[in-house]
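In what follows, a single structure is set out as structure tokens and then discussed.
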Amino acid sequence: MPRFFIEPSQIGTAGDGSRTVLIMGDDAAHITKSLRMKPGERVTVCDGDCGEYDCVVRKTGDTVTLDVCEERRSASEPPYRAVVYQALVKGDKFDTVIQKAAECGACRIVPFMSERCVVRLTEKDAEKKRSRWQRIALEAAKQCGRGRVPEVAPLMDFSSAVREAAKSSIALFCYEDERGLSLPSALKSAGVTENIGTAESAKVTESVGTADSAGALENAEVPESISVMIGSEGGFSSAEAAEAAQCGMKSVSLGRRILRTETASSFVLACLSFAYEL
């Protein structure tokens with residue numbers, strides 16, 4: 001079923017007391033001209049705050065009128081707020097980061113400049129790119145059935161990003177030179193009692209996809225917010241790692257393999273989903 005995001009102000013009440021939705025602009029053109037939808041066909045609209053509305057098309061044209069049939073809270077959002085702090089990367093890799101972070105449940109993506117970033121943007125150039133990045137987040141949210149569109153934040157410097165990220169309930173600084181703390185250990189110390197990466201959890205992998213494995217982590221304490229900080233192609237410097245630790249972030253290893261920068265955030269988000277959501 002086609003899915004569109006709207007502003008709450010687009011939801012109104014008809015004379016008979018029923019609820020209606022008005023869609024204008026590009027989305028109206030898409031419904032009318034591209035999808036060629038007719039009265040009686042169904043669409044889903046989201047108000048951007050996890051409210052979903054099953055609707056029937058009443059009228060198409062420059063303004064599309066929908067009748068609301070059913071309203072509910074979205075069931076597709078994670079039970080935690082995950083924010084990805086991603087250093088600027090070369091080419092279109094940042095597009096991939098945004099798309100996959102949106103699919104994996106991030107509520108916000110924050111670009112920042114670190115010491116080893118090859119890409120350097122002015123404030124003006126960053127704002128131009130942000131408009132495009134926000135459209136990528138919107139399309140990804142539509143495709144995967146999200147209840148809200150992840151926000152792509154303005155560009156930040158490293159120190160500002162670290163200070164903000166450190167305020168989360170769990171603040172993960174993904175550092176390739178970390179040798180002591182693994183991601184599973186960091187999550188366990190935050191309240192997950194049975195998780196990936198332990199000898200006990202090896203038994204769970206034998207029954208993946210069964211009713212038994214589905215409840216293996218149901219007693220895990222779900223954090224309110226989680227920040228995930230990822231470096232550029234060259235990673236972080238030792239000075240940046242020290243600054244992150246001083247701010248209270250947990251420096252974590254992502255395992256024995258070196259992940260590409262555009263892969264790392266979706267890898268961590270998938271691990272969080274396994275630990276707290278699935």
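Less than 5 angstrom separates the built amide H of GLY48 from those of ILE6, all sequence-distant by 5 or more or on a different chain. Taking Cβ atoms as reference points and 12 Å as the exclusive limit, the residues near SER182 contribute a net charge of +3, counting Lys and Arg as +1 and Asp and Glu as -1.
Calculated mean residue ellipticity at 222 nm for the chain: -9000 deg cm²/dmol, from DSSP H runs with n ≥ 4 weighted as -39500 (n - 2.57), summed, divided by the residue count and rounded to 500. Phi angles across region 35-46 convert, under the Karplus curve 6.51 cos²θ - 1.76 cosθ + 1.60 with θ = phi - 60°, into 3J(HN,Hα) values of 7, 6, 6, 10, x, x, 7, 10, 9, 10, 10, 10 Hz, Gly and Pro given as x. Using θ = phi - 60° in the Karplus curve 6.51 cos²θ - 1.76 cosθ + 1.60, the 3J(HN,Hα) couplings for region 127-144 round to 5, 4, 5, 4, 4, 5, 4, 5, 5, 5, 4, 4, 5, 5, 5, 5, 4, 9 Hz; x is entered for Gly and Pro.
For the chain, the longest principal axis of the alpha carbon atoms and the long axis of helix 93-103 meet at an angle near 70°.
Which percent, to the nearest 5, of DSSP beta bridges fully inside the chain are antiparallel? Of the beta bridges lying entirely in the chain, close to 45 percent run antiparallel. Name the longest site-free stretch of the chain, where the excluded sites are GluC sites (Glu not before Pro) in a DSSP loop with no more than 13 other beta-carbon atoms within 10 Å. With a cap of 13 other Cβ atoms within 10 Å, the longest stretch comes to 1-199. Couplings for region 253-264, taken from phi via the Karplus curve 6.51 cos²θ - 1.76 cosθ + 1.60 with θ = phi - 60°, read 8, 9, x, 7, 9, 8, 8, 5, 4, 6, 9, 4 Hz in order; Gly and Pro are left as x. With neighbour counts taken as other beta-carbon atoms within 10 Å, the residues VAL228, VAL68, VAL268, VAL110 rank, fewest first, as VAL68, VAL110, VAL268, VAL228.
Using a 10 Å cut-off around each Cβ, can you sort CYS50, CYS117, CYS69 from fewest to most neighbouring Cβ atoms?
Ordered from fewest to most neighbouring Cβ atoms within 10 Å, CYS50, CYS117, CYS69 come out as CYS69, CYS50, CYS117.
What stretch of the chain, leaving out the sites themselves, is the longest with no trypsin sites (Lys or Arg not before Pro) in a DSSP loop having at most 10 other Cβ atoms within 10 Å? It would help to have the intermediate numbers written out before the result.
On the way: sites that count: ARG36, ARG120, ARG179, ARG256, ARG257.
Looking at the chain, 37-119 is the longest stretch - no exposed trypsin sites (Lys or Arg not before Pro) with at most 10 other Cβ atoms within 10 Å.
Dipole orientation for the chain: of the candidates ALA245, GLY235, ALA14, GLY235 has the Cα lying most toward the positive pole (charges on Cβ; Lys, Arg +1; Asp, Glu -1). In this model, which of LYS100/LYS188; LYS38/LYS129; LYS124/LYS188; LYS90/LYS188; LYS33/LYS128; LYS128/LYS250 are farther than 31 Å apart at the alpha-carbon? Pairs exceeding the cut-off: LYS38/LYS129; LYS124/LYS188; LYS90/LYS188; LYS128/LYS250. The order of ASP67, ASP26, going from fewest to most other C-beta atoms within 10 Å of their C-beta, is ASP26, ASP67. The angle between the Cα long axis of helix 238-247 and the main principal axis of the chain comes to about 70°, on a 0 to 90 degree scale. Using Cβ point charges alone (K and R +1, D and E -1), the dipole size of the chain about the Cα centre works out to roughly 680 debye. Select one label from (i) -0.27, -0.55, -0.81; (ii) -0.24, -0.49, -0.70; (iii) -0.31, -0.61, -0.82: the one whose number is log10 I(q)/I(0) by the Debye sum over Cα atoms at q = 0.07, 0.10, 0.12 Å⁻¹ as derived from the coordinates shown. Calculated log10 I(q)/I(0) by the Debye sum over Cα atoms at q = 0.07, 0.10, 0.12 Å⁻¹: the matching label is (iii).
Amide H contacts for PHE236 (H built 1.01 Å from N in the peptide plane; partners 5 or more residues away or on another chain; cut-off under 5 Å): GLU176. Remark: region 3-73 carries a charge dipole of roughly 320 debye about the Cα centre, counting +1 on each Lys and Arg Cβ and -1 on each Asp and Glu Cβ.
Any read-out appearing in this document is the output of simple, stated calculations on the displayed coordinates, not a laboratory observation. From a predicted model like this one, the values you see are computed outputs, not experimental measurements. Quick reminder, even Gly has a Cβ in these numbers, built from the backbone with ideal geometry, and neighbours come from all protein chains shown.
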